[in-house]
2 protein chains.
Amino acid sequence: MRLSTLGEFGLIRKIQKLLKVDSSVIKGAGDDCAVVKLDRNTYQLFTCDMIVEGVDFTAQDNPYLIGRKAMAVSLSDIAACAGIPRYALIALGVPAYRTVRFVDEILKGLRDIARRYKVNIVGGDISRSQKLVIDCSVAGVVEKKYLLLRSGAKEKDIIFVTGSFGGTRAGKHLRFTPRLKEARFLSRHCKPSAMIDVSDGLAQDLGHILYASDKGAILYESLIPKSRQARDMEDVLSSGEEFELLFTVSRKKARALYAKKNSCFKPIGEVTDKKYSLTLVRRDGTQGKVIDKGFRHF
Amino acid sequence: MRLSTLGEFGLIRKIQKLLKVDSSVIKGAGDDCAVVKLDRNTYQLFTCDMIVEGVDFTAQDNPYLIGRKAMAVSLSDIAACAGIPRYALIALGVPAYRTVRFVDEILKGLRDIARRYKVNIVGGDISRSQKLVIDCSVAGVVEKKYLLLRSGAKEKDIIFVTGSFGGTRAGKHLRFTPRLKEARFLSRHCKPSAMIDVSDGLAQDLGHILYASDKGAILYESLIPKSRQARDMEDVLSSGEEFELLFTVSRKKARALYAKKNSCFKPIGEVTDKKYSLTLVRRDGTQGKVIDKGFRHF
């Protein structure tokens with residue numbers, strides 16, 4: 001069977017079934033980060049993201065921004081769990097024809113974003129490879145009481161996002177800000193019931209929350225913040241790589257969050273019974289099921 | 001400047017200079033593992049190794065053994081620091097033409113070696129890529145008193161190895177045993193002054209110990225265990241990927257280690273003043289400087 005027949009998520013579920021973990025593992029593969037016991041009040045978080053030339057960036061992209069992105073995507077995963085990133089390892093595969101200057105720029109991109117978020121790059125590995133590939137693994141911490149996962153969304157919870165959606169290929173995917181600060185704020189002040197970062201498309205990543213929480217949802221087209229570069233609603237729902245936060249909060253907390261002046265948190269819909277799956281209410285009042293066209297590797 | 005002009009180690013030193021770490025980091029890039037504070041008696045270890053098709057294995061190699069190797073190389077780094085591996089993340093880049101069966105075999109290879117050494121695979125990332133690439137990051141722990149590094153070798157210390165050297169391309173590089181058990185034994189019972197695993201060639205990796213410890217060494221050809229597949233002494237010194245332990249111990253402890261029956265630890269030479277750099281005493285009694293021909297990516 002070809003990988004494309006099974007599909008990316010089929011493959012991921014296969015992997016999850018194969019793996020056994022011991023009781024120190026609170027959450028293994030299947031959330032934004034792995035969560036393991038650290039001490040009485042704290043969990044440790046682990047995540048890694050591999051970015052590959054020709055898939056996540058082009059050979060012509062600015063190497064400084066490629067380096068920056070390599071770490072930013074993993075920091076966004078730490079944010080999705082409301083954690084604090086601490087240590088990073090960088091595995092770098094570089095084609096032999098590349099110049100030292102090119103690699104220098106990648107390293108500066110990595111260094112600057114690491115400094116910005118007080119992440120220690122503690123090691124890594126460098127290898128020859130045919131195409132540029134960077135895998136950034138990050139270890140972080142989160143207080144037990146602040147941990148957020150994809151599961152936990154409840155019926156009638158309000159769905160919120162940060163930022164705007166669509167048209168990320170115009171360049172935003174190389175320049176986004178991992179929402180670490182916003183995630184910490186949320187976790188401390190209004191404890192969402194579930195959270196994820198939008199890497200593969202708003203519809204697909206909301207789908208992950210709904211799948212993990214065994215729920216459905218209704219989204220309102222008129223409420224979803226569109227980026228200037230967005231083409232149309234399909235693009236808004238499936239563009240991916242916004243690396244914005246997508247989270248659900250109880251109605252009571254939603255009211256407080258909504259009342260906040262100049263809030264960067266925007267409500268876009270609500271959690272429902274599973275039977276509604278993912279429904280979009282269009283501007284004209286008509287409804288339709290959202291078919292997930294987000295990014296898949298296979 | 002081309003990467004090949006600067007060379008792999010020039011590049012690594014460049015990376016090390018670029019990075020700043022905070023006081024929680026005991027040892028950053030430049031040893032087998034990064035070492036960070038965990039609690040009063042324990043350090044956490046981090047390491048990652050990326051293996052790439054066409055460099056570390058061929059497209060025709062058995063996928064089960066490729067998966068096994070991907071994790072074994074990182075476990076060998078944990079062994080070199082005398083640590084206990086705990087958690088692993090796997091980033092997998094797979095060409096779209098590969099079959100599900102092929103990926104299944106890789107995963108089984110990873111799973112089996114993880115089980116064997118009680119490592120929890122807690123997550124990862126899967127991506128399309130042109131050539132198969134696997135990055136395995138491992139977090140481990142080590143009691144402060146047992147930690148071993150590359151630095152610390154002292155004049156007159158005896159240099160020991162486990163296993164035999166040379167001819168690894170014949171297949172051993174896919175089937176080696178990470179020396180976790182032996183490393184723990186050593187650390188508890190005879191506390192070496194320095195330790196490393198042989199990934200890039202006996203001469204090159206001994207060079208790392210000597211560089212980090214500011215020392216030289218004399219090796220005796222007649223003492224170095226040759227594998228059956230080894231071609232000649234140059235191959236023995238530069239083959240690499242044996243993933244055996246290479247360590248130095250004081251003379252007093254060396255005597256006890258040498259006296260042990262059926263010991264897998266073999267003395268091969270001694271640590272000297274830096275001025276001797278790395279000298280080989282041949283079977284015929286002549287001496288020569290060892291020129292490092294070990295593996296380099298660039």
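The values are calculated or read from the model by the stated rules, or taken from the named source; none is laboratory data. Computed from a prediction, not measured in an experiment: that's the story for all the values here. We place every Cβ from the backbone using ideal geometry, glycine too, and count neighbours over all the protein chains shown. Heavy atoms of the whole protein, side chains included, go into the accessibility calculation; ligands, DNA and RNA do not. Shrake-Rupley method; radii C 1.70, N 1.55, O 1.52, S 1.80 Å.
Brief remarks follow.
- Under the shape rule built on the C-alpha gyration tensor, where the axes satisfy a ≥ b ≥ c, the range B:148-289 is rounded, since a/c falls short of 1.5.
- Annotation for A:Thr286, label-to-label distances across the other copies: 9.0 nm (shortest first, one decimal, point 7 Å from Cα along Cα→Cβ).
- Amide H within-cut-off set for B:Asn120, under 5 Å, with H built and near neighbours excluded: B:Tyr87, B:Ala88
- Rounded if a/c under 1.5, otherwise prolate or oblate - the range B:56-155, Cα gyration tensor axes: prolate
- Solvent-accessible surface ranking, highest first, for A:Ser213, B:Ser222 at 1.4 angstrom: B:Ser222, A:Ser213
- Each of A:Arg231 and A:Ser4 was given a label point 7 Å from its Cα along the Cα-to-Cβ line. The distance between the two points is 2.0 nm.
- Dipole of the range B:148-289, positive end: most advanced residue of B:Val236, B:Leu278, B:Thr162 [Cβ charges, Cα centre]: B:Thr162
- For the range B:163-169, Karplus couplings with θ = phi - 60° (6.51, -1.76, 1.60), whole Hz, Gly/Pro x: x, 10, 10, x, x, 5, 5
- Summary for A:Gly7: label point 7 Å along Cα→Cβ; distances to the equivalent points in the other copies, ascending, 5.2 nm.
- Nonpolar atom fraction for the range B:73-211, defined as the carbon and sulfur part of the 1.4 Å probe accessible area, stands at 50 percent.
- For chain B, convex hull volume per residue from C-alpha positions, Å³: 148
- Each copy carries A:Ala259; placing its label point 7 Å along the C-beta direction from Cα gives inter-copy distances of 8.0 nm, listed from smallest up.
- Relative to the longest principal axis of the Cα atoms of chain A, the long axis of helix A:63-80 lies at roughly 40 degrees.
- Probe 1.4 Å - accessible area at A:Glu244, Å² to nearest ten: 10
- Fluctuation leader among B:Val281, B:Val35, B:Val249 - chain B, Gaussian network, Cα springs under 10 angstrom: B:Val281
- Helix A:202-213 and the longest principal axis of the Cα set of chain A meet at an angle near 70°.
- The accessible-area ordering, largest first, of the residues B:Glu234, B:Glu105 stands as B:Glu234, B:Glu105, per a 1.4 angstrom probe.
- A viscosity of 0.890 mPa s and a temperature of 25 °C, combined with the Kirkwood radius over Cα pairs in Stokes-Einstein, give a translational diffusion coefficient for the protein assembly as shown of 98 µm²/s.
- Take the accessible area of chain A alone and of chain B alone, subtract that of the pair, and you get about 5800 Å² summed over both chains, using a 1.4 Å probe.
- Surface calculation, 1.4 Å probe, protein heavy atoms: B:Arg283 sits at approximately 150 Å² accessible.
- Modelled FRET efficiency - R0 25 Å, A:Ser23 with B:Lys145, Cβ distances, 0.05 increments: 0.40
- Under-5 Å amide H pairs with A:Glu241, H placed in peptide plane, nonlocal only: A:Ser199, A:Asp200, A:Gly201
- Chain A: angle of helix A:100-116 to the longest principal axis, Cα-based, in degrees nearest 10: 40
- Close amide H pairs (under 5 Å, H built 1.01 Å from N) link A:Ile26 with A:Val35, A:Val36, A:Lys37, residues at least 5 positions away or on another chain.
- Rounded accessible area of B:Tyr97 (nearest 10 Å², 1.4 Å probe): 120
- Per residue accessible area in Å² of the protein assembly as shown, where ligands, DNA and RNA are left out and the probe is 1.4 Å: 42
- Choice from B:Asn120, B:Asn62, B:Asn41 with maximal GNM fluctuation in chain B (Cα, 10 Å cutoff): B:Asn41
- Alpha-carbon centroids, the range B:154-205 and the range B:221-253: separation in whole Å: 8
- Highest GNM mean-square fluctuation among B:Ile51, B:Ile15, B:Ile158, for chain B modelled with Cα contacts below 10 Å: B:Ile15.
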